Amino acid sequence: MDNQILAEVGKMTEMVEKIKTESEKQSKDYGALTAQIDAKMAAFAASAESKSSDEIRAFQKEMQSQFDSLATKSNVIGEKKEQTLSEGIAEALSGINFKEGIDNEMTQKLRSDRKFRIELPNVKAMGLNNLVGDPQATYSIRQAILPAQKINFRDLTPTVNTETGLYVFYKEQVASNNIAVQSEGSTKAENTYSFTEVKVVQNYLAGYSTFTKQMATSLPWLQSTLPRILMRDFFKKENASFFTTVSAAATVTTSAETDNVKKIIDMIAQQMDLNYNVSYGLVSNAMMASLLKSTYTNGYYSGAGGLTLNATGTGVTIFGVPILPASWVTNNRVLLIDTDYLERVQVKGLAIELSYENGTNFVQNLVTARIECQEEINLMLGASAAYGTLA
């Protein structure tokens, strides 16, 4: 009988007992497996004295295999077990004797290190699945508002204020100029001038928007942002209206040139021949891009042919006249303006008002935001503006 082998089997029996205890704590499914191990160990112990060394070694090998299998399964289950924080702390403290007057591992550790470490290997991490409701949001102080047009016709036009909605001016009619050198004893030549009364009626350009008081309190930024939106849309309509009125009243001008820069030079010269100043020219953004690209295609340089590129890159100056791009100008057209003969006539300036007393607003908790301006664009002489076609 090999006493050393029997001693090893005895040690294995102790380890199996420990694994059995741990396994039975973790799962009842291991009851059958541990019962089989108990039966085999009991049967072997009863006949161990009569076993040969080879039989003992064979039994040791079999039991080692079952022991390894049991230990592996026990570890897998331990790894998969998850606990909440309270469960993990309760389990960690369950093995400590907290009886009054009895020293334990925690009190000893607190006395020596002034701290006690609790290992929580099976506590699961807290994530958004532990949250009931929505995460805390951060609200931007900005709003994604649609863009406004970059330039407005009113910014390029002198403004005249009137007290009434009817504005009157007198326009000189074309007449012959008879001034000449007087021959001795002859009658001097006479010039006759005539004037026509022109009436300009200012109409309201207006609009409104209605919202509830609940919306205003739910969106605190609304009362400051809504006026911006109304002004943006007001200027879009005003720009389109002014451009249509002025371009329709302007004199149509042409040029035989094929290059757009040369065409504009010809048109400016024609206005100068009529003794008008050309304060600025208006083109579309696409036409401005074409003019800028032509400086590369035709080899122009700043100053050549009276063309100058603006330092800011927002336009060009041709023949001393600033050419400005605007999104409300018809493409492939140019409008040349003499501001001495163009004015925006208004009774009152642009106004935005909020009212609770429009219709049933008071009883329905509604608010009406209104924007309006009583105004009109006035091109005093049609010949002072030129409207031409570009390529």
Is it fair to say Ile179 is assigned to a loop (DSSP other than H, G, I, E, B) and in contact (Cβ under 8 Å) with a residue 40 or more places away in the chain? no
Is the stretch 164-187 home to any residue that is of a type in the set (Lys, Arg), surrounded by 10 or more Cβ atoms within 10 Å (Cβ to Cβ) and over 30 Å from Met380 (Cβ atoms)? no
Exactly one condition in (1) touching a residue at least 40 places away in the same chain (Cβ under 8 Å); (2) assigned to a helix (DSSP H, G or I); (3) hydrophobic (A, V, I, L, M, F, W, C) is not met by Val278; state its number. (2)
Tally time: how many residues in the stretch 200-245 are in contact (Cβ under 8 Å) with a residue 40 or more places away in the chain, in contact with a helix residue (DSSP H, G or I) (Cβ under 8 Å, 6 or more places away or on another chain) and in a helix (DSSP H, G or I)? 7
Exactly one of Ala351, Ala369 is at pLDDT below 95, under 32 Å from the mean Cα position of the chain (by Cα) and at negative phi, and that residue is Ala369
Only one residue in Glu91, Glu79, Glu87, Glu100 is modelled with pLDDT under 75 and assigned to a helix (DSSP H, G or I), so which one is that? Glu79
First in the stretch 312-331 and in a loop (DSSP other than H, G, I, E, B), second anywhere and β-branched (Val, Ile, Thr), Cβ under 6 Å, 6 or more apart: Gly315/Ile323; Phe319/Ile265; Phe319/Ile268; Ala326/Ile151; Val329/Val283
Using beta carbons and a limit of 7 Å, which pairs, at least six apart or on different chains, have the first residue in the stretch 124-144 and more than 21 Å from Gly88 (Cβ to Cβ) and the second one assigned to a loop (DSSP other than H, G, I, E, B) and aromatic (Phe, Trp, Tyr)? Gln143/Trp221
Sole residue being surrounded by fewer than 19 Cβ atoms within 10 Å (Cβ to Cβ) and either of a type outside the set (Asp, Glu) or at negative phi (or both), chosen from Ser327, Ser284: Ser327
Restricting to the stretch 287-324, name every residue that is at pLDDT 85 or above, surrounded by 14 or more Cβ atoms within 10 Å (Cβ to Cβ) and of a type outside the set (Phe, Trp, Tyr). Met287, Met288, Ser290, Leu291, Leu292, Val316, Thr317, Ile318, Val321, Pro322, Ile323, Leu324
Consider the stretch 209-254. How many of its residues are under 20 Å from Val278 (Cα atoms) and touching a strand residue (DSSP E or B) at 6+ places or on another chain (Cβ under 7 Å)? 10
Specify which of the listed residues (Leu128, Leu156) is out of contact with any strand residue (DSSP E or B) (no Cβ under 9 Å at 6 or more places or on another chain) and on the phi < 0 side of the Ramachandran plot. Leu128
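The values are calculated or read from the model by the stated rules, or taken from the named source; none is laboratory data. Just so it is clear, the structure is predicted and the values come from calculations on it, not from any experiment. Heads up, the Cβs are rebuilt from the backbone with ideal geometry, glycines too, and the neighbour counts pull from every protein chain shown.
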